[in-house]
Structure formats: C-alpha cells, structure tokens
Amino acid sequence: AAVERASVAFNKWADAHKLTGLSSYMLTPVYHSDELKADVIGMDIWDSGAAMGKGSAAIAGDPKSTEAYDRALTRGARQLFVLIGVKPPSEGVLKNGSTFQFTNCTLKANRNVGDAIRVATAWGKATQDAGITDAQALLIPAAGESSDAHYSFKWITAEPSFQALYSSIDTVLSKGLVQTRGNLVGDVMSCDSQRIYATTIVRQEPADGQN
C-alpha cells in the first residue's frame, strides 16, 4: 500500500513537471538467491539523456519531492546504466504482471561490448524466428555500481507474463535453441544465473516512445 500511494504521488509530481520520456517500474523478486536483500527494486527508463536531464533538474529543484517513493522502495543503492536495446518490445510485452529477467555477463579476453551486442542481436533474432515475443536489452554500468562487482553488463529480457516465460522455456528446449545460444555466447562472454522479477508499472511511455 505504501508503494502504491508513493507511486500515485510520484506520477502527480512527474505530471506537474511535464516530464516525458520516462517509464518507471517496480520489480518484485520471484526467483533469486539469498544474496538479494531488496524486497522491491525501482527501475526508471528514460528515452534520452535530455529527458533524464530534465527529470534530474526537477528533483534538484525539489529534492523532497521523490523521498516518499524512494522510502517505499527502500533503495539502498542508486545505480545508472546505459540501455542498449537489442530486441524492441512488441505491443503488450511490458505491462503489469510482465517478468523481467536479469543476468550478469562478463566479456572474455579481447572481446568488447560491440561483440556482445552482435551476440544478443543474433539471439533476439533466433527467439523471434521461434515465435518468442520477448524484449531484450543490455545494461552497461555507468555509475553507482559496487566496487566488488565483477561483470561487464547486464542482459535483461522481458516477457508478457510468467505463463509466456514458461512457454518460452519450452520453446527454447524443444527447438534446440540451448545449443544455438551456447554457440553464440560461448566464445564471447559468460553469464550467471538469471534473477526473475514480477513487474508493476508505475509510469509508462507509449510503446512507440520506448527506444
């Protein structure tokens, strides 16, 4: 209830400042290890640096405006990532009840982010050809990450629902895509076990505004 009230206040504040290009989600952990301490994680996605700059200026001018929202999310850290979309969301993928899957990936020697983008794009095409309607992106850490973090980027996948997620797993297994992914990823990077979250939308830009 506290999160819901804070979300309403957050949206009123964003509307009052005429903020655009902002989508905000609350992620509730479902599948995770005991290393994860947060009960709810807030994720804001800005369409551009200019949109984010306007939002940051609004917060700087009224620093108490988002305190209730921050407290509701019990944020112990605030991190900044650069998002690189590799498989854009189709209509209906990002909604209440959608799932977000996060995995940390580490590039191998003499590999770079460009190689990772090529791999993720190829995997996105393979899932698209198999009829999987997910969305995928890479998150490159830019600021706020802990000093003991040892990974190159986060690979995230969104599915319309848990039912769609489990169906996608069936498709990957039945169509031999495990080997396909292994062949794509193997020489470029290694990725850890996924964490999977249930999604609640706080604020969302129209689908054609999500880049």
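Output the residue which, of all residues in the range 99-115 that are among the hydrophobic types (A, V, I, L, M, F, W, C) and touching a strand residue (DSSP E or B) at 6+ places or on another chain (Cβ under 6 Å), is nearest to HIS32 (Cα to Cα).
Among residues in the range 99-115 that are among the hydrophobic types (A, V, I, L, M, F, W, C) and touching a strand residue (DSSP E or B) at 6+ places or on another chain (Cβ under 6 Å), the one nearest to HIS32 (Cα to Cα) is PHE102.
Can you run down the residue pairs with Cβ atoms below 8 Å, 6 or more apart or on separate chains, where the first is in the range 32-45 and on the phi > 0 side of the Ramachandran plot and assigned to a loop (DSSP other than H, G, I, E, B) and the partner is open to solvent by 50 Å² or more (accessible area, probe 1.4 Å) and small (Gly, Ala, Ser)?
none
Name every residue in the range 17-46 that is over 20 Å from GLY144 (Cβ atoms) and either buried (at least 19 other Cβ atoms within 10 Å of the Cβ) or in contact with a helix residue (DSSP H, G or I) (Cβ under 9 Å, 6 or more places away or on another chain) (or both), in order of residue number.
HIS17, LYS18, LEU19, THR20, GLY21, VAL30
Are any residues in the range 103-148 without any contact (Cβ under 8 Å) to a residue 40 or more places away in the chain, open to solvent by 20 Å² or more (accessible area, probe 1.4 Å), within 23 Å of MET43 (Cβ to Cβ) and of a type outside the set (Val, Ile, Thr), and if so, which ones?
SER147, ASP148, listed by residue number.
Testing THR106 on (1) over 12 Å from the mean Cα position of the chain (by Cα); (2) part of a strand (DSSP E or B); (3) over 22 Å from GLY186 (Cβ atoms), one condition comes back false. Which one is that?
So THR106 meets the others, but not (3).
The values are calculated or read from the model by the stated rules, or taken from the named source; none is laboratory data. Fair warning: this is a prediction, and the values are worked out from it, not measured in the lab. When we count neighbours, we look across all protein chains shown, and the Cβ atoms used for this are built from the backbone with ideal geometry, even at glycine. Just the protein is used for accessible areas: all its heavy atoms, side chains included, with ligands, DNA and RNA removed. Shrake-Rupley method; radii C 1.70, N 1.55, O 1.52, S 1.80 Å.
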